[in-house]
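Data first, discussion second: the structure below is written as structure tokens.
The values are calculated or read from the model by the stated rules, or taken from the named source; none is laboratory data. What you see is a predicted model, and the numbers here were worked out from it, not measured in a lab. Here the Cβ positions follow ideal geometry from the backbone for every residue, glycine too, while neighbour counts run over all protein chains shown.
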Amino acid sequence: MLPCTWAAFAGAVITGSLLFSSNAFNYAHNSYFQAKFVCLCLAGINMAVFHLGVGRAIARWGAAAQTIPLPARIAGAASLLLWIGVVAFGRWTGFTLHATPLVS
């Protein structure tokens, strides 16, 4: 599943970069966009810490839910909250951008 995740991430980076470049000045100065970007960076850090730490021992966890270590549960909860933040702040960004006229 991880290769599919990386492919989806690459697609999101490409399309997100194109969208950002269409109105970069307004996006860069929008507080909701900035919050989205912070949540996105924190989600990436959370993923890296998980995969380099407690995630290396996934094979030893077993099938029962009670065997999942507390750090893994915390990483999962943090991931869910951060990605919800990315989506919510992304939606708010679209509603708060003010278009600048091309011709004055």
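The set of residues in the stretch 52-73 that are in a helix (DSSP H, G or I), among the aliphatic types (A, V, I, L, M) and at pLDDT 75 or above comprises Leu52, Val54, Ala57, Ile58, Leu70, Ala72. If you check every pair at least six apart or on different chains, which have Cβ atoms under 6 Å apart with a residue in the stretch 1-28 that is closer than 21 Å to Thr96 by Cβ first and a residue that is surrounded by 10 or more Cβ atoms within 10 Å (Cβ to Cβ) and at pLDDT 90 or above second? Matching pairs, first to second residue: Tyr27/Phe33.
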